[in-house]
Amino acid sequence: MTDQTYQPTLSQLRAFVAIAEYRHFGTAAARLSVSQPTLSQSLASLENGLKLQLIERSTRRVLVTAAGKRLLPQAMATLEAADRFIASAVGDGLGGTLRLGIIPTVAPYVLPAVLPELRHRFPAMVPHVIEDQTARLLDGLRSGVLDVALLALPSDTGGMVEIPLYSEEFVLVVPEGHELSGRGGLSPAALDELPLLLLDEGHCLRDQTLDLCRAQDVRPGPVGDTRAASLSTVVQCVAGGLGVTLIPEMAVAAETARGALQIARFAAPAPGRTLGLVFRGSTARTEDYEQLAEVIRTHRPV
């Protein structure tokens with residue numbers, strides 16, 4: 001039974017959270033800028049004080065125990081509160097480590113402008129960027145591995161808070177010389193029987209495109225076995241004449257600059273998506289994330 005008088009240190013909690021996040025003692029030690037023996041000792045002291053095994057370690061793998069999974073979100077919340085306390089004390093707003101998850105169809109277009117601005121406005125902040133698909137980002141938020149995520153709304157996840165940022169339209173990308181090149185005022189029905197290229201399963205943009213087709217009773221034409229894990233690859237497949245695709249407005253300038261490509265636009269209200277920040281409702285850093293939201297809104301691609 002845990003000694004009720006035992007008080008874990010922040011260093012011990014940081015060791016536990018880092019090991020749970022990276023599932024590797026060497027990587028966790030490097031992230032915390034401590035030696036591996038120091039990290040191991042911090043975890044051992046925490047487990048001894050709690051009289052609980054939090055991490056199961058073998059020669060091949062590192063696992064989080066059931067007790068560790070139960071306590072991990074609370075350890076994360078404690079560290080978040082401590083970071084917020086220190087940032088408030090020095091009057092520096094966003095400060096400390098910020099683990100920011102971001103979906104692949106947003107990261108390449110938002111980060112080039114947002115990261116420099118964050119460094120300028122919040123020099124005490126240490127951002128860690130994790131690019132991944134929506135489902136895994138939400139898992140990271142639930143487990144405490146991530147602090148906040150930038151993704152398409154709604155997240156439809158209990159216990160989370162959402163800050164809407166902005167909405168953007170989808171744009172049709174076609175090969176140069178295509179009959180729809182340069183057209184405007186399209187109906188989604190124009191996609192019927194077109195060879196519509198999609199991202200791999202798990203990408204929310206794929207799901208949004210398929211939802212649009214179902215809602216409009218659109219049946220795209222075949223594209224064979226062509227699959228892609230990034231917008232850049234999909235767009236280059238369009239340039240190569242393999243089909244057409246939908247991309248978000250923020251990606252148009254970057255992705256159509258290379259290759260023989262043209263765009264076409266839909267009539268209002270055009271199909272699109274809303275992006276926003278998602279974080280745990282239990283966090284003590286709501287004010288921080290509101291500041292982050294304002295930076296992203298102000299410096300989003302146009």
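Just to verify a number: FRET efficiency for SER143 and GLU193, C-beta to C-beta distance, R0 = 45 Å, to 0.05?
Efficiency computed from Cβ-Cβ geometry: 0.55.
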Given a Förster distance of 35 Å, report the FRET efficiency between GLN4 and ARG57 from their Cβ-Cβ distance, rounded to the nearest 0.05.
0.80
Which percentage, to the nearest 5, of the DSSP beta bridges contained in the chain is antiparallel?
65
Unit charges on C-beta of K, R, D, E only; dipole of the range 78-173, Debye
260
Quick check for you: with a 1.4 Å probe and neighbouring chains kept, what is the accessible area per residue of the chain, in Å²?
48
Among 12-18, 193-199, 273-279, how do they line up by average Cβ neighbours within 10 Å per residue, starting with the highest?
12-18, 273-279, 193-199
Quick calc, the chain, dipole around Cα centre from Cβ unit charges on Lys, Arg (+) and Asp, Glu (-), nearest 20 debye, gives 920
Farthest positive-ward along the chain dipole, Cα basis, beta-carbon charges - from CYS213, LEU137, ILE86:
ILE86
May I ask you to give the percent of accessible area on the chain that is carbon plus sulfur, with a probe radius of 1.4 Å?
51
For labels at GLU176 and THR27 in the simple 7 Å Cα→Cβ model, what's the distance in nm?
4.3
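The values are calculated or read from the model by the stated rules, or taken from the named source; none is laboratory data. None of these values were measured; they are calculated from a predicted model. Because the Cβ atoms are built from the backbone with ideal geometry, glycine has one as well, and the counts that use them run over all protein chains shown. When the accessible area is computed, the model is the full protein with side chains, heavy atoms only, and any ligands, DNA or RNA have been set aside. Shrake-Rupley method; radii C 1.70, N 1.55, O 1.52, S 1.80 Å.
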